[in-house]
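The values are calculated or read from the model by the stated rules, or taken from the named source; none is laboratory data. Not measured: the values here are computed from a predicted model. So basically every Cβ, Gly included, is an ideal-geometry build from the backbone, and we count neighbours across all protein chains shown. Accessible surface is based on the protein model in full, side chains and every heavy atom, while ligands, DNA and RNA are left aside. Shrake-Rupley method; radii C 1.70, N 1.55, O 1.52, S 1.80 Å.
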Amino acid sequence: MIRGVTASPVTVLAGGVGGARFLQGVIDVVPPDRVVVIGNVGDDVEPHGLHVSPDLDTVLYTLTGWIDETQGWGVRGDTDRALERARELGADAWFWLGDLDIGLHLARTEALRRGEPLSAVTARLAERLGLPLRLIPATDDRLRTMIDTPDGEIEFQTYYVRHHHADRVTGIRFDGAELARPAPGVIEALRDAAAIVVAPSNPLISIAPILAVPDVRMLLASRSAPCVAVSPIVGGRALRGPAADMLESLGHEASPAGVAAIYAGLIDVLVIDERDADLAERVEAHGIRPVVADTIMRDAASRERLARAALDAAGAIA
Ligand code: GDP
Ligand code: CA
């Protein structure tokens, strides 16, 4: 039951799979129409001229029931006939795109070509698909994550998908970030929030590109609402993806203490897993209050419990 509700939004910074699964829990705890998601566009890519926003789409598909739950991304049961045909005809089709998924990218690309901002397109796709919460890309401006490797700098999806995140990451840069402005609604979502939550998403490639928008970082640093993050690192490992290796290769510690160091000054509370309880003091050393919980999202009940722990720590629920 929800008590003490104000109209102020609960604002969640989220990447793809970890973010989307956490959001499933969040909307079991607070009414979805109170939830505003600020999404990552650093992963965006244009295979075959189609504008794909993988993290926004993962949130969109997960919260509208279209998601392929096993993969965590893409449309359940989707086929790849279009891509197969493209390959037969000689296209260099290394970025997997399902047939239904391509339909969404066609609609998005067409609207962007007409000059519509990404935030407006995203809002329309969300409405058509019945997304129960508000999803805003961090910026409408071009912002792309670039990965530095021993062989030079490559685009994010080349690193992630084409190279199966096998390269050693020696640096990360957010191309375009300096000039990126928050998309419409982002400033209000941070300024007027009852609580701000950083989902258990990759801090370096899902959350950092959002924070790379100068006004977003500034608003978070000067927030009046409590800000709570959930550690995506549990027992020294990422539950999926390259977060742990990436943290280490960039000189961070692959632990909640390393996550705390990255978020220092921007968050008030870090939810860490029970098996990392011994690191609580090291989190505290960064001026961040540790909250210990079961942070493994294995099913709907555990997602809801985790969301409740985070929102409770943020004072967003009674
Ligand atoms: P991506 O954009 O699809 O890579 O997804 P995110 O960045 O949103 O999420 C990836 C992160 O989520 C990884 O660092 C995982 O460790 C983390 N993650 C995935 N599942 C869980 C979970 O059940 N609990 C926690 N605490 N973190 C998780
Ligand atoms: Ca992502």
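Some points to look at:
- Counting protein heavy atoms only, segment 55-167 has 50 percent of its accessible area on carbon and sulfur, 1.4 angstrom probe.
- Taking 0.36 nm per residue of separation and subtracting the current Cα-Cα distance, fully stretching the chain between LEU129 and THR170 would add 10.9 nm.
- Surface per residue (accessible, 1.4 Å probe) for segment 35-96, Å²: 44
- Of ALA138, ALA14, ALA261, the one that fluctuates the most in a GNM where the chain has Cα springs shorter than 10 Å: ALA261
- The helix-based estimate of mean residue ellipticity at 222 nm for the chain, built from -39,500 (n - 2.57) per DSSP H run of four or more residues and divided by its residue count, is -10000 deg cm²/dmol to the nearest 500.
- The slack in the chain from SER224 to ARG240, taken as 0.36 nm per residue of separation less the alpha-carbon distance, amounts to 2.5 nm.
- Rg/Rg_globular for segment 199-276, with Rg_globular taken as 2.2 N^0.38 Å and Rg from C-alpha atoms: 1.06
- A simple packing score, the average count of other Cβ atoms within 10 Å per residue, orders the peptides 38-51, 200-213, 147-160 as 200-213, 38-51, 147-160, with the highest score first.
- Length released on extending from VAL161 to TRP94, taking residue separation times 0.36 nm less the Cα-Cα span: 23.3 nm
- Heavy-atom surface analysis with a 1.4 Å probe gives segment 201-258 a carbon and sulfur content of 49 percent of its accessible area.
- Whether segment 39-181 is rounded, prolate or oblate, judged on the alpha carbon gyration tensor where a/c under 1.5 counts as rounded: oblate
- Measuring r between the beta carbons of ALA300 and GLU46 and using R0 = 51 Å, the FRET efficiency lands at 0.90.
- Estimated FRET transfer efficiency (ARG114, GLU274; beta-carbon r; R0 51 Å; 0.05): 0.50
- Förster radius 41 Å - calculated FRET efficiency between THR70 and ARG191, Cβ distance, rounded to 0.05: 0.60
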